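Inspection log for the structure reproduced underneath, given as structure tokens.
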Amino acid sequence: MNNSNKWEKFDFINILEAVYDGVFITDGKGVVQMVNKGYERISGLKRENLIGDTMTNLMKNGVISQSVSLLVIQEKRALTIEQRFIATGKIVLVSGTPIFDEKGEIEFVVTNVRDVTEMIRLKDELEETHAKRVLAEHELELVRSYLEEKIQMIAVDKNMRRVLELAKQVANMDTTVLITGETGVGKNELAQFIHEQSTRADKKFVTINCALLPESLIESILFGYEEGSFTGASREGKPGMFEIGDQGTIFIDEIGELSPGLQIKLLRVLEERKFERIGSTKSIEVNIRIVIATNKDLRELVKKRKFRDDLYYRINTYPIHIPPLRDRPDDVLPLAHVFLASLNHRYSHFTQFSRAAEQILKKYDWPGNVRELKNAIERAYILCDKTLITASDLAFLHPTLSAANMSISNEFSLKDHLAQEEYAIMMRYAKELGSFRKAAKALGMEPSTFTRKRQRFEQNNNKY
């Protein structure tokens, strides 16, 4: 018997039923003739509801969203489209091939339906993993550079990158810079950044915080004094901050706190780079770069006559505004990782953030800005088990951002959060009792169960 006779004995319907992919056959008018089990599995549709019906009718009734069979009949050529089945949520590649009769008319359209949901999911996961790896490498380089003091400021967010660009543009000029922004945004750090980028980087950087200096002493601290110029004055006299910072950079923080009298004296220093010590008539000339900062609205203070308008216009030559941390969200995690890395470096630990903890850090609005973030990381570091900072360790930030309330997020299921809380409790017991075995006993668990749960969680800690 030859091969052709063997094939004649095969039932091709049974062959199509055995195909794993979906097979869907219509005639030349779009009437469904055959549907295999693979198609039923992938689409979630039953063949008895399809065979004998037209593709036009099935689309009209919303059974399917589109039909490659009708497109093939219309264009008289093989076509492939991507489609999603509503019933199963599966994404498929649908390839329709026309079969022509002797007259060149389409007799059948054979459609192959291949489930590519898993392939697309894996592709998306691969792309996401790659993006996260690139971001992690970037953050790691930032942390390394920060710890090695190669950079003074972290700027990943575009809003903060723009701030640093403005700072770099003015760094090598002696123009007075006015830095504005809320408390804790990093005004001092930006002033130091400007100094480090300037030609005065090897000279002194002197900070004067007007809000911290007592009113009775601020003038002598700024300008210095001669011997015997006032009760309690040193016999030798004393140079002020402007003298001490000669050739370097003077950073005057919280300038809005200066009294009107001192504002006049500061204006002269800005314009002439000259001043006199208290108790002296001899002018002292200095070569200094002045950077000024405030968290107040100086324009409003000018309107209320609490700040001199001539001084305001003199210092407002080159203003730089640092946005609050809530307006630069892409800086939150890089900053958090830098602060955590600094703590790990100092105390020789290798503590990490759980994903849930990172979500809390990203969701919180940080009214105290970078300073609050830094303090929060240090507090969480103290509270955690030195292996992982979890959502529970950050619950002090806001009750609505605790792990129990994070279950509304689509990213984490209730099961995820319960696992995270269970792990946190297990680690607390282990820390208090000094061993995993004692912790397991105290929690009423077999040591093997405790170990298995711990290892499972730690393997998945990037999720939690």
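Each value in this text was obtained by applying a stated rule to the coordinates, not by laboratory testing. Bear in mind that the values here come from a model prediction, so they are computed numbers and not experimental data. In this analysis, Cβ positions are derived from the backbone assuming ideal geometry, glycine residues included, and neighbour counts consider all displayed protein chains.
Between residue 15 and residue 446, the C-beta separation translates, for a Förster distance of 41 Å, into a calculated FRET efficiency of about 0.15.
Cβ crowding within 10 Å, taken as a proxy for footprinting-reagent exposure, orders 41, 200 from fewest neighbours to most as 41, 200.
Cα-Cα over 30 Å: which of 123/386; 304/363; 37/76? Over 30 Å apart, Cα to Cα: 123/386; 304/363.
Taking 0.36 nm per residue of separation and subtracting the Cα-Cα distance, full extension of the segment from residue 31 to residue 333 would add 103.0 nm. Once the C-beta distance of residue 48 and residue 122 is scaled by a Förster radius of 41 Å, the resulting FRET efficiency is 0.75 to the nearest 0.05. What would the Debye equation give as log₁₀ I(q)/I(0) for the range 169-323 at q = 0.11, 0.12, 0.17 Å⁻¹, counting only Cα atoms as equal point scatterers? Debye curve over Cα of the range 169-323, log10 I(q)/I(0) at q = 0.11, 0.12, 0.17 Å⁻¹: -0.42, -0.50, -1.00. A cut-off under 9 angstrom between Cβ atoms defines the neighbours of residue 194, and their net charge, with Lys, Arg +1 and Asp, Glu -1, is +1.
Quick check: from the Cα gyration tensor, does the range 3-115 come out rounded (a/c under 1.5), prolate or oblate? Here the range 3-115 falls in the oblate category. Spin-label pair residue 81-residue 350: with each label point 7 Å from Cα along the Cα-Cβ axis, the two points sit 5.3 nm from one another.
Taking Lys and Arg as +1 and Asp and Glu as -1, the other residues whose beta-carbon sits under 13 Å from that of residue 277 total -3. What is the antiparallel percent of DSSP beta bridges lying wholly in the range 169-323, to the nearest 5? Antiparallel bridges make up about 20 percent of those DSSP assigns within the range 169-323. Going from the fewest other Cβ atoms within 10 Å to the most, the residues 312, 225 appear in the order 312, 225. In terms of its C-alpha gyration tensor, the range 154-213 comes out oblate, because a/c is 1.5 or above while a/b does not outweigh b/c. Which of the three applies to the range 281-395, rounded, prolate or oblate, going by the alpha-carbon gyration tensor with a ≥ b ≥ c and a/c under 1.5 meaning rounded? Prolate is the answer for the range 281-395, as a/c is 1.5 or above and a/b outweighs b/c.
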